[in-house]
1. Can you name the residue in the range 20-31 that is assigned to a helix (DSSP H, G or I), of a type outside the set (S, T, N, Q) and over 16 Å from Ala90 (Cβ atoms) and is also most open to solvent (accessible area, probe 1.4 Å) among such residues?
2. Among the residues in the range 301-314, are any at pLDDT below 95, over 22 Å from Ala165 (Cβ atoms) and not in a helix (DSSP H, G or I)?
3. Output the residue which, of all residues in the range 104-160 that are of a type in the set (Val, Ile, Thr) and within 22 Å of Asn59 (Cβ to Cβ), is most open to solvent (accessible area, probe 1.4 Å).
4. Hey, can you tell me all the residues within the range 110-130 that are among the small types (Gly, Ala, Ser) and at pLDDT 95 or above?
5. Could you tell me whether Ser270 is assigned to a helix (DSSP H, G or I), among the polar types (S, T, N, Q), farther than 24 Å from Thr149 by Cα and touching a strand residue (DSSP E or B) at 6+ places or on another chain (Cβ under 8 Å)?
6. Select from the range 241-256 the residues that are closer than 19 Å to Glu79 by Cβ and of a type in the set (A, V, I, L, M, F, W, C) and write down the one among them that is farthest from the chain's Cα centre (by Cα).
7. Does Phe278 satisfy the criteria of being at pLDDT below 95, open to solvent by less than 30 Å² (accessible area, probe 1.4 Å) and not assigned by the TED database to the domain that holds His76?
8. Determine the pairs where a residue that is assigned by the TED database to the domain that holds His76, located within the range 128-149, has a partner that is open to solvent by 40 Å² or more (accessible area, probe 1.4 Å) and of a type in the set (Asp, Glu) with Cβ atoms under 7 Å apart, the partner being 6 or more residues away or on another chain.
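The values are calculated or read from the model by the stated rules, or taken from the named source; none is laboratory data. None of these values were measured; they are calculated from a predicted model. So basically every Cβ, Gly included, is an ideal-geometry build from the backbone, and we count neighbours across all protein chains shown. With ligands, DNA and RNA removed, areas are computed over all heavy atoms of the protein, side chains included. Shrake-Rupley method; radii C 1.70, N 1.55, O 1.52, S 1.80 Å.
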Amino acid sequence: MKLKDLAQHLGLSQTTVSRALNGYPEVNEETRRRVLDAARRHGYQPNANARRLATGRANAIGIVLPTDWNMLIDPHYMEFQAGLGETLMADEIDIVLSPSRGGDETANYQRMAVGSRVDGVVLSSPLIADGRIRLLTELGLPFILHGRTESEVPHAWIDIDNEGAFRHATKHLLDLGHRRIGLINGEPRFTFARDREIGFRSALAARDITPEELFIAGGVMSDEVGFRIAERFLSERPRPTALLVSSMMMSLGAFRAIRAAGLELGRDVSMIAHDDVFPFLNPDSMVPTMSTTRSSIRAAGKRVGELLMEIVEGRAPETIHELWPVELVIRASTGPVPSD
């Protein structure tokens with residue numbers, strides 16, 4: 001069915017039907033519902049190019065994909081994309097991935113802006129000082145940041161309370177009697193890793209405990225990196241009695257290192273990991289079950305999609321600042337400090 005046929009069937013003008021399908025505010029709600037119901041019943045699919053001409057929009061959002069980092073096998077990235085896609089597909093908005101090499105994304109964003117290829121951009125994994133904020137603002141390309149960065153340029157962001165989460169988790173370990181606590185963190189160039197370390201250190205400082213720098217390390221959030229860092233920590237004497245880990249993937253490696261050292265998780269070494277809520281990695285199914293700081297990255301992806309479309313519709317970016325609390329879930333991997 002073509003637009004002309006749908007309009008004739010409804011007894012409306014093609015202009016009215018087109019405006020109803022594309023969400024123009026001058027079409028009353030009763031007419032809009034009537035048009036949308038008829039379009040669904042008759043399987044009408046608007047021509048994408050015609051829709052772009054009618055609305056002046058690309059009906060797509062952009063994401064730059066670094067080719068030197070295989071994000072397609074990164075579970076954090078895939079869960080975020082799944083949530084983002086859930087929001088966007090309801091409005092038939094596409095996601096355009098633009099490959100970038102060498103860490104310089106400037107050319108990608110310039111092409112997006114000049115060519116009007118996308119209506120907005122999603123930024124993830126922000127650095128502590130992230131130049132993308134000023135660049136996109138100067139290009140006039142709408143965007144939202146998943147995370148936070150230090151920038152004087154007003155912009156939209158959504159983040160979880162990384163500092164509060166790791167302060168709370170460290171406090172729980174301290175309450176159990178632990179004093180030698182190791183931090184296995186993400187890469188220090190990222191804001192989330194910096195904030196988690198701040199939370200960790202502030203909880204120790206509140207008890208007048210000086211952190212042992214030997215037991216603070218970070219890297220790519222993978223099983224292998226988690227194993228290597230935990231292995232090194234546990235080889236020291238005296239070793240840490242507890243570990244605070246920045247991802248469930250790293251915690252799997254840390255768990256292997258604990259077992260390889262002949263130790264028992266939850267008895268000899270306690271551990272709390274950050275859980276982005278992966279459907280294939282359930283902390284309740286682990287043996288022993290894993291204590292976690294918990295926040296759904298899929299839910300964050302959905303919300304980022306909603307907020308970006310609000311910006312595209314005209315909402316001021318500087319009015320969008322959301323900081324989500326993080327839940328601490330205590331399970332069997334944490335216990336009282338063992339006697340030396």
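1. So in the range 20-31, the residues assigned to a helix (DSSP H, G or I) come out as 20-21, 29-31.
Filter again for of a type outside the set (S, T, N, Q), leaving 20-21, 29-30.
Imposing the further condition that a residue be over 16 Å from Ala90 (Cβ atoms) reduces the set to 20, 29-30.
Numbers: Ala20: 3, Glu29: 100, Glu30: 138 Å².
Looking at the filtered set, the residue picked out is Glu30.
2. So far as the range 301-314 goes, yes, one or more of its residues are at pLDDT below 95, over 22 Å from Ala165 (Cβ atoms) and not in a helix (DSSP H, G or I).
3. Quick first cut of the range 104-160, residues of a type in the set (Val, Ile, Thr) only: 106, 114, 118, 121-122, 128, 133, 137, 144, 149, 153, 158, 160.
Narrowing further to those that are within 22 Å of Asn59 (Cβ to Cβ): 114, 118, 121-122, 144.
On the way: Val114: 125, Val118: 11, Val121: 0, Val122: 6, Ile144: 0 Å².
Checking each candidate, the answer is Val114.
4. Of all residues in the range 110-130, those among the small types (Gly, Ala, Ser) come to 113, 115-116, 120, 124-125, 129.
Selection gives Gly120 alone.
5. Values: assigned to a helix (DSSP H, G or I): no; among the polar types (S, T, N, Q): yes; farther than 24 Å from Thr149 by Cα: yes; touching a strand residue (DSSP E or B) at 6+ places or on another chain (Cβ under 8 Å): yes.
No: the conditions fail for Ser270.
6. Filtering first and then ranking leaves Leu252.
7. Details: at pLDDT below 95: yes; open to solvent by less than 30 Å² (accessible area, probe 1.4 Å): yes; not assigned by the TED database to the domain that holds His76: yes.
Considered against the rule, which asks whether it is at pLDDT below 95, open to solvent by less than 30 Å² (accessible area, probe 1.4 Å) and not assigned by the TED database to the domain that holds His76, Phe278 comes out as yes.
8. Short answer, once both residue conditions are applied: Ile128/Glu150; Ala129/Glu150.
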